[in-house]
Amino acid sequence: MPGTWFLPPDFTFTTEGPLRLGMVLPHWSKPTTVLAAVGSDTASEIKLPAAKTLVEPNHAHNRSKTRSDSLSLWAKFEGIASTSVSTDVGKNQSIDYSKTDHEIRSFSDPLLPDMVTSIANLPTVRTHIDSGMFGKRHVYIVSGLRIATSSFTVMKEDSSNFTVEAEASGPPTETVPGEVGGKGKHDSQNKVTDSYDTAPGIVFAYQLYIIRTHRAGVETGLFTHKNAFLTGEGGKKEEPLVLVEATKDEIDEDLDEEVEYESVEIGEDEQCIYLPPKK
């Protein structure tokens with residue numbers, strides 16, 4: 001199932017938690033904050049499409065990030081000496097997930113406009129939509145889940161290196177006929193590895209729809225319906241809303257709550273978005 005996947009902050013989310021199909025979230029980065037549990041036994045009378053399941057065997061993934069900063073500095077003291085200094089600072093972070101089968105759950109049919117209108121008009125959802133600083137706020141609906149059917153190992157590795165090289169030279173003196181010179185080098189490395197095994201049946205990643213206002217101009221990437229639908233008590237016409245798939249471009253347009261994130265291509269048509277660990 002291609003598309004954009006979001007990684008939860010950790011692998012402790014189970015299918016009994018907040019990340020279930022139909023859950024309405026205030027933001028893609030807040031999977032534990034639920035505005036409404038649409039389609040669950042405790043929700044309203046809104047009926048969502050049935051769920052379908054697809055199994056993809058033998059998934060293994062790796063995330064890595066490398067940063068290297070090099071600096072060369074050359075200073076000359078006329079007639080006295082010259083100094084060349086070179087530094088290199090490098091960091092590498094990697095996470096490996098061992099092999100496991102993935103069970104992908106999604107809706108068997110698209111969400112229809114009347115379903116989305118009913119969701120947008122739920123009191124808690126409506127309050128969130130109307131609370132934006134720059135207009136109507138986005139709301140997010142969980143539309144897909146990747147479930148790891150068995151336990152897998154998460155291995156994290158952080159490594160860094162720091163290298164400094166300095167070379168100095170000076171003019172000859174009466175007692176030393178040749179050029180005076182010296183060279184020094186300092187090199188240090190650090191590496192930390194941590195690993196743990198997850199429980200079986202945890203949520204590995206999730207997908208989302210976005211309910212947002214219709215933008216001026218030509219809309220692209222509408223997931224279910226090319227026409228906007230209206231919300232408002234008593235059929236009152238307000239800003240039209242549309243339903244779109246949550247992609248990198250779409251979440252960048254959510255100006256009410258900008259979050260720093262990292263993304264990586266995981267296939268020809270798939271992308272993974274995740275929050276970097278807190279420093």
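Throughout, read-outs are computed from the coordinates displayed, never taken from laboratory work. On a predicted model such as this, the values are computed, not experimentally measured, just so you know. Positions of Cβ are generated from backbone atoms using ideal geometry, with glycine treated the same way; all protein chains shown enter the neighbour counts.
General observations
- FRET efficiency for Glu265 and Ala37, using Cβ-Cβ distance with R0 set to 51 Å, rounded to 0.05: 0.95
- Label-to-label distance for Arg215 and Asn58 is 4.1 nm, based on points extended 7 Å past Cα in the beta-carbon direction.
- Net charge of Cβ neighbours under 14 Å - reference Tyr206; Lys, Arg +1; Asp, Glu -1: 0
- Cα-Cα over 31 Å, subset of Lys91/Lys136; Lys136/Lys156; Lys30/Lys91; Lys91/Lys248; Lys47/Lys156: Lys91/Lys136; Lys136/Lys156; Lys47/Lys156
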